[in-house]
1. For Tyr429, are the conditions met, namely being surrounded by fewer than 16 Cβ atoms within 10 Å (Cβ to Cβ) and not aliphatic (A, V, I, L, M)?
2. Using beta carbons and a limit of 9 Å, which pairs, at least six apart or on different chains, have the first residue in segment 57-68 and on the phi < 0 side of the Ramachandran plot and the second one among the hydroxyl-bearing types (Ser, Thr, Tyr)?
3. Could you please let me know if Arg426 is at pLDDT below 95 and not β-branched (Val, Ile, Thr)?
4. Select, from Pro212, Pro237, the only residue that is out of contact with any helix residue (DSSP H, G or I) (no Cβ under 6 Å at 6 or more places or on another chain), without any contact (Cβ under 8 Å) to a residue 12 or more places away in the chain and not aromatic (Phe, Trp, Tyr).
5. Here is a check on your reading of the model: is Ser32 over 29 Å from Ala272 (Cα atoms) and among the hydroxyl-bearing types (Ser, Thr, Tyr)?
6. Could you please give the count of residues in segment 23-81 that are crowded, with 18+ Cβ neighbours inside 10 Å and in contact with a Phe, Trp or Tyr (Cβ under 7 Å, 6 or more places away or on another chain)?
7. Restricting attention to segment 161-198, which residues are open to solvent by 50 Å² or more (accessible area, probe 1.4 Å), at pLDDT 90 or above and within 32 Å of the chain's Cα centre (by Cα)?
8. Given (1) small (Gly, Ala, Ser); (2) at negative phi; (3) open to solvent by less than 60 Å² (accessible area, probe 1.4 Å), identify the lone condition not met by Gly386.
Amino acid sequence: VTGVQTCALPISLESLGLDLNEAAPLLADMLSLPSDRYPPPALSPRQRRERLLHTLVTVIECMAAREPVLMVVEDAHWLDPSSLELIGLVIERLKSARLLLIVVFRPEFTSPWSGYANLTSLMLNRLSRRESVALISNVARGKALPNDVLTQIIDRTDGVPLFVEELTKTILESDLLQDAGDRYVLSGPLPALAIPASLHDSLMARLDRLAPVKEVAQLAATLGRTFSHELLATVSPLKEKELEDAVLQLVEAQLIYRRGLPPDATYEFKHALVQDAAYHSLLKSTRQQYHERIARVLEEKFPEVVDSAPELLARHYTEANLTEQAIAYWQRAGQKAIERSANLEAVDQLGKALELLERLPDTPQRAQQELKLQITLAVPLTATSGYAAPEVERAYTRARALCQQIGDTTQLFPALYGLWRYYLLRAEYAI
């Protein structure tokens with residue numbers, strides 16, 4: 001979730017009128033910042049999560065009380081459950097605040113916020129021919145393109161704005177056209193297959209023309225949609241000056257955006273599809289090597305990331321096909337989510353650990369690890385689905401079977417207690 005507001009002065013919690021003793025430790029814990037000055041409140045994970053969400057909404061409300069606030073949420077279809085819940089609370093509680101909240105998502109995403117009077121849904125349709133021509137003209141800086149080229153761009157892009165923009169840039173960067181001052185003219189006869197037929201082909205054509213820096217784009221795409229210069233420099237084999245020059249070319253090509261200056265700069269791919277094109281152009285073996293390199297660097301040089309976002313290392317180790325390390329970090333991420341009462345996220349992360357565990361040989365060590373995962377998973381399953389949910393019964397039943405298989409009696413009580421509670425609440429007394 002990204003928030004933008006137009007205040008010229010830095011904003012502090014104190015200037016917003018918030019109680020520092022209450023708000024500071026909650027926000028510090030969320031951001032994995034040291035908070036010795038403000039000791040954490042004695043709350044259960046669920047209470048702490050509810051208090052944190054309330055504090056975040058209050059921060060936005062106080063900012064809007066000072067001056068109008070624009071809050072933009074991009075790609076809501078990829079948000080985690082806690083972020084979706086936060087947006088729902090903002091919509092519900094800040095109906096009269098001076099806040100413009102813009103949430104962008106794909107058509108297949110089912111919005112959970114329907115029915116609010118302060119909410120307006122707007123379907124963004126494909127561009128008309130007139131709008132496509134205007135966008136093409138803007139990319140070409142007002143210079144006219146040959147009619148044949150213009151027609152092919154419009155026909156092939158089918159009104160998709162990103163495709164219109166990228167295909168126009170692809171053609172302008174190619175040797176198909178010559179700059180004739182106030183317009184572009186064809187360099188020769190237009191070949192039948194000269195213009196890429198898909199957005200992916202168009203993006204790949206642009207990346208291929210940036211061959212010297214394509215590898216940097218691929219490595220950056222492996223890091224994610226957004227990434228820091230510090231992390232990129234640490235995992236890249238290039239020297240600092242070479243890396244800065246390569247990144248600058250990507251920025252000038254408008255494939256990535258930059259905020260700040262190196263070494264403190266952060267970058268973002270222009271669009272998720274640009275990142276996907278660069279990422280999927282990698283050979284599988286090279287991609288795995290990149291993921292492993294990133295995970296190792298994070299472990300060795302970015303301990304704060306390891307502590308605050310173990311799911312990030314879990315993803316990199318998963319993609320690197322290093323199963324044991326991935327399982328350990330998915331388990332760690334799930335446990336951390338439970339501690340924050342982010343139970344839906346915990347179910348997902350522990351579920352991924354169990355899926356990966358099936359790849360390992362069937363040994364007593366694997367059974368012991370699965371037992372711990374099943375007992376841990378049952379906790380967020382109970383919180384999200386209820387004590388009498390079938391998935392809770394499956395987790396505890398499997399845990400009981402594993403206890404008997406490996407002779408571990410230390411975990412037998414929680415397994416039996418969970419099953420007792422399940423059957424009691426379902427009134428299934430004869431088992």
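The values are calculated or read from the model by the stated rules, or taken from the named source; none is laboratory data. Computed from a predicted structure; not experimentally measured. For neighbour counting, all protein chains shown are included, and Cβ atoms are generated from backbone atoms with ideal geometry for every residue, glycine included. To get the accessible areas, we keep the full protein, side chains included, count just its heavy atoms, and leave off ligands, DNA and RNA. Shrake-Rupley method; radii C 1.70, N 1.55, O 1.52, S 1.80 Å.
1. On the way: surrounded by fewer than 16 Cβ atoms within 10 Å (Cβ to Cβ): yes; not aliphatic (A, V, I, L, M): yes.
Criteria met by Tyr429.
2. Partner pairs satisfying both residue conditions: Cys62/Ser15; Arg66/Ser15; Glu67/Thr6; Pro68/Thr6.
3. Numbers: at pLDDT below 95: yes; not β-branched (Val, Ile, Thr): yes.
Yes, satisfied.
4. Details: Pro212 fails: without any contact (Cβ under 8 Å) to a residue 12 or more places away in the chain.
Being out of contact with any helix residue (DSSP H, G or I) (no Cβ under 6 Å at 6 or more places or on another chain), without any contact (Cβ under 8 Å) to a residue 12 or more places away in the chain and not aromatic (Phe, Trp, Tyr) holds for just one of Pro212, Pro237, which is Pro237.
5. Values: over 29 Å from Ala272 (Cα atoms): no; among the hydroxyl-bearing types (Ser, Thr, Tyr): yes.
The answer is no for Ser32.
6. 3
7. Pro161, the sole residue that qualifies.
8. Among (1) small (Gly, Ala, Ser); (2) at negative phi; (3) open to solvent by less than 60 Å² (accessible area, probe 1.4 Å), Gly386 violates only (2).
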